[in-house]
Amino acid sequence: GPTAAGKSEITLRLQQALEASGKTCTNIEMDNFYKDREFRDGKPMDTQIIHYSLFLQTMHALQAGRPAELPQYDFILATSSHDLEGNLRPGCTTREVQPADVILLEGNFPFQIPEIAHLIDIKAVYLAEDSIRLKRKWRRDVDYRKKYDPAYLSNRYFRTQFLRNEEIYQPMMKCCELVVDISAAVLWVKPYITALLQS
């Protein structure tokens with residue numbers, strides 16, 4: 001879903017509920033696979049802006065029941081733990097994640113990309129109104145992370161959101177199993193998901 005829609009919050013709640021039911025869970029934040037913002041800016045949201053080979057290695061390892069090493073993204077400096085070729089930078093570290101019954105992949109990277117789509121069993125788009133997301137993004141990126149100054153945040157937000165909607169979220173809504181709109185408390189699901197929930 002879009003930035004500040006509440007993806008991290010719902011992912012945490014899903015993980016807690018699944019673990020309470022006896023499942024093991026691994027949560028992977030897709031943002032950690034981003035390359036440096038300086039490299040990404042102005043580029044389309046496709047596999048060139050992430051450490052794509054590292055992402056595939058992680059997914060294949062976890063699906064095969066093996067631990068995986070995740071790159072780490074610094075949200076303050078807007079840099080990756082890995083250089084553009086995917087090599088770990090001096091002084092940086094990775095994070096090990098363990099295989100689990102359920103792997104939660106959270107982020108706004110487009111899962112309709114064919115090479116990625118087949119790796120994900122259930123795809124969900126999580127939405128919230130622009131006004132709600134702008135308030136959350138301001139609180140997170142200006143007040144807490146001190147990542148943007150207010151003018152830059154506003155300009156970036158209003159410049160990119162329509163483009164991201166056209167490029168990413170509309171196409172993702174066409175191929176997902178679940179669409180959740182928290183603003184209107186609406187849930188759309190594909191018929192076979194409804195059948196699973198009722199069984």
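The values are calculated or read from the model by the stated rules, or taken from the named source; none is laboratory data. Keep in mind it's a predicted model, so treat the numbers as computed, not measured. Virtual Cβ from ideal backbone geometry, glycine too; neighbours counted across all protein chains shown. Each accessible area value is taken on the protein alone, full model and side chains, heavy atoms only, with ligands, DNA and RNA left out. Shrake-Rupley method; radii C 1.70, N 1.55, O 1.52, S 1.80 Å.
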Exercise. Put +1 on the Cβ of every Lys and Arg and -1 on every Asp and Glu Cβ in segment 1-71; which of Cys25, Phe55, Ala68 then has its Cα farthest towards the positive end of the dipole?
Worked result: Cys25
For this session: At a Cα cut-off below 19 Å, give the lysines reachable from Lys137, other chains included and same-chain residues fewer than 8 away excluded.
Result: Lys7, Lys146, Lys147
Exercise. Say the cut-off is 30 Å between C-alpha atoms; which of Lys43/Lys174; Lys23/Lys43; Lys43/Lys135 go over it?
Worked result: Lys23/Lys43
Exercise. In nm, to one decimal, how far is the modelled label at Ala64 from the one at Asp101, with both set 7 Å along Cα→Cβ?
Worked result: 2.5 nm
Seminar exercise, completed: Of all trypsin sites (Lys or Arg not before Pro) in segment 109-159, the ones in DSSP coil with at most 12 other Cβ atoms within 10 Å are Arg145, Lys146
Problem set entry | For the chain, accessible area per residue (1.4 Å probe, heavy atoms of protein chains only), Å² | 56 Å²
Exercise. In terms of modelled amide H atoms, which long-range or inter-chain residues lie less than 5 Å from the amide H of His82?
Worked result: Gln72, Arg89
Problem set entry | Loop-exposed GluC sites (Glu not before Pro) per DSSP, neighbour cap 13 Cβ within 10 angstrom, longest uninterrupted part of the chain | 1-84
For this session: Note down the magnitude of the dipole of the chain about its Cα centre, charges +1 on Lys and Arg C-beta and -1 on Asp and Glu C-beta and zero elsewhere, to the nearest 20 debye.
Result: 460 debye
Exercise. Taking a quarter of the surface of the Cα convex hull of the chain, what do you get in nm²?
Worked result: 12.1 nm²
Problem set entry | Dimensionless Rg/Rh of segment 126-199 - Kirkwood Rh, Rg from C-alpha atoms | 1.11
Problem set entry | the chain - percent of accessible surface contributed by carbon and sulfur, probe 1.4 Å | 55 percent
Exercise. Using modelled backbone amide H atoms (1.01 Å from N, in-plane), which distant-in-sequence or interchain residues come within less than 5 Å of Asn27's amide H?
Worked result: Leu104
Problem set entry | Leading residue at positive end of dipole, the chain (Cβ point charges), from Ala151, Ile122, Val189 | Ala151
